[in-house]
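Novice: Got a structure for you, questions after.
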Amino acid sequence: MSINLLRYSTESGAPRWGVVRGERVLPLPGEYPTAGEVLQEGAEVARALLTESGDSGIELADLTPLNPLPGAKVNCQGTNYRAHMAETGVDPDQPFNLFFTKSTGSLTGARDDIVTPPHVRLLDYEIELGIVIGKAITGPVTVTAENLPDYLGAFVVANDVSARDVQLSQGQYYKGKSYRTFCPVGPYLCVPDRGEVHRWKDLRLRLAVNDEPRQTALATEMVFTPAQTLTEFSQLEDFAVGDLLLTGTPGGVAIKPPKPIVQRLAGLLPEAKKWDLFIRTQSRNRAYLTPGDVVTASIRTDDGVLDLGTQRNTVR
C-alpha cells in the first residue's frame, strides 16, 4: 500500500517529516535533510509507524506543508499530451521528446504564494505529474515498464508556472519557467508499493483557478511514458535520489496561439513589433493568472488508492 510522506514546519520553525494516517500525521524520528534521505531511510520507518495502533500524531489541518524536495534538480518534458500540443499549435505527431530544466530556486510548497515578477504580464499554470527519482542514474540506462519501480521513488503534484511573455518572446524556457515560486510541489511524496507503480496511468490530474476547472486528464494520455523519458534523459543527465522529473501538462492552459492567418501576417513585422503585438493580444485573455487568484491542483486515482494531495496557492 502506498504511503504519503509530508514535510512540515514545527513550532520552532525546524522542518520535520511525518507520515499521513487519515487526518493525522505521525512524526518520523530523526532528521532527513533531503527527499533522497527520507526515501532511502525514512520510508520503511514510516511504514512501521503505520502498523502501530492508537490515535497519536498531529492533526493534519494544523500543519503547514513545506516544499518536500529542497535542493532537488528539476528536469522537465514539454508538450507531452496531445491536447496541449494541439492548443499551443505544436504538431501532435512531433517525433521527439522535448526536454528543458527549471531552477532549484523555483521550488516552493503546496500552500505558498506564487509571486509574480513585476515585469511579467502573461502568467500561466501547468499541472504536471512529478516523478521523484528513487535510484541514482549516473549513465545511460534502459528503463522499462518492468524495472520502472527501481527508479521511481515517489509521485508528487507539481505546477510548472510559466511567464509566457518571457518564455516565448525571449525564447527562454529556463528563464520564463524558473522565477522563484514558479514550481509548487507537494503536499505529499506519495510512495507507492512496487506493485502500484504501474498505476501511474490511472492518475487523474485536475487544476482549477478560483474553483473554475481548467485542466483535467489521465496520465495515460502522455505521448512519452516515464520509462521512455528516463531512458532518453539518462543519455544526457545524471539523476540523484530525490531529483524531480516533470512529465508534461494536459490541455487547458491559458495561452492560445494566434490563428494561422494572424501568424502569417505577424511574420511580416519586425521581431520586436511582432512580440509586442503578441503580448498585447494575449493580455486580453482573462485565463492568465492575476494577483488574488487561487490555484488548486490535485492528482489521484479515481478509486483513491493513490492520492498525492491537493495544492492551494494564491497568486500575488
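Novice: Work out from phi, with θ = phi - 60° and the Karplus expression 6.51 cos²θ - 1.76 cosθ + 1.60, the ³J(HN,Hα) of each residue of the range 125-141, listed in order in whole Hz, and give x for Gly and Pro.
Specialist: 10, 8, 5, 9, 7, x, 9, 8, 5, x, 9, 4, 10, 10, x, x, 9
Novice: Pull out the extension gain between Asp276 and Thr142, defined as 0.36 nm times the separation in residues minus the alpha carbon to alpha carbon distance; nm, one decimal. Please list the in-between numbers first.
Specialist: Working: separation 134, 0.36 × 134 = 48.24 nm, distance 4.46 nm.
Working it through step by step, the gained length comes to 43.8 nm.
Novice: Tell me the net charge near Thr310. Cut-off is 12 Å between Cβ atoms, Thr310 excluded, with +1 for each Lys or Arg and -1 for each Asp or Glu.
Specialist: Numbers: positive: Arg111, Arg206, Arg300, Arg312; negative: Asp307.
With Lys, Arg at +1 and Asp, Glu at -1, the neighbours total +3.
Novice: Express the carbon and sulfur contribution to the solvent-accessible surface of the chain as a percent, rounded to the nearest whole number, probe 1.4 angstrom.
Specialist: Numbers: 7380 of 14070 Å².
Roughly 52 percent, rounded to a whole number.
Novice: A follow-up question, please. Ranked highest first by the average count of other Cβ atoms within 10 Å around their residues, in what order do 243-249, 28-34, 79-85, 154-160 fall? Numbers along the way, then the final one.
Specialist: Working: 243-249: 25.3, 28-34: 14.6, 79-85: 21.1, 154-160: 27.4.
Answer by packing, highest mean first, reads 154-160, 243-249, 79-85, 28-34.
Novice: Which of these, Val74, Val120, Val132, has the largest mean-square fluctuation under a Gaussian network model of the chain (Cα springs below 10 Å)?
Specialist: It is Val120.
Novice: Over the chain, with the other protein chains present, what is the accessible area per residue in square angstrom, probe 1.4 angstrom?
Specialist: Values: 14070 Å² over 316 residues.
On a per-residue basis, the chain sits at 45 Å².
Novice: Highest GNM mean-square fluctuation, the chain, Cα pairs closer than 10 Å: which of Pro118, Pro250, Pro15?
Specialist: Of Pro118, Pro250, Pro15, the most mobile in the Gaussian network model is Pro118.
Novice: Work out the count of Lys pairs in the chain where the Cα-Cα distance is under 29 Å, with the pair 8 or more places apart or on different chains.
Specialist: Value for the chain: 29.
Novice: Where does the charge balance sit around Ile127 when Lys and Arg score +1, Asp and Glu -1, over other residues with C-beta under 12 Å from its C-beta?
Specialist: On the way: positive: Arg204, Arg206, Arg214; negative: Asp124, Glu126, Glu128, Asp160.
Counting the neighbours of Ile127, the net charge comes to -1.
The values are calculated or read from the model by the stated rules, or taken from the named source; none is laboratory data. All values reported here derive from a predicted model rather than from experimental measurement. Cβ: placed from backbone, ideal geometry, glycine included. Neighbour counts: every protein chain shown. For accessibility, only protein heavy atoms count, side chains too; no ligands or nucleic acids. Shrake-Rupley method; radii C 1.70, N 1.55, O 1.52, S 1.80 Å.
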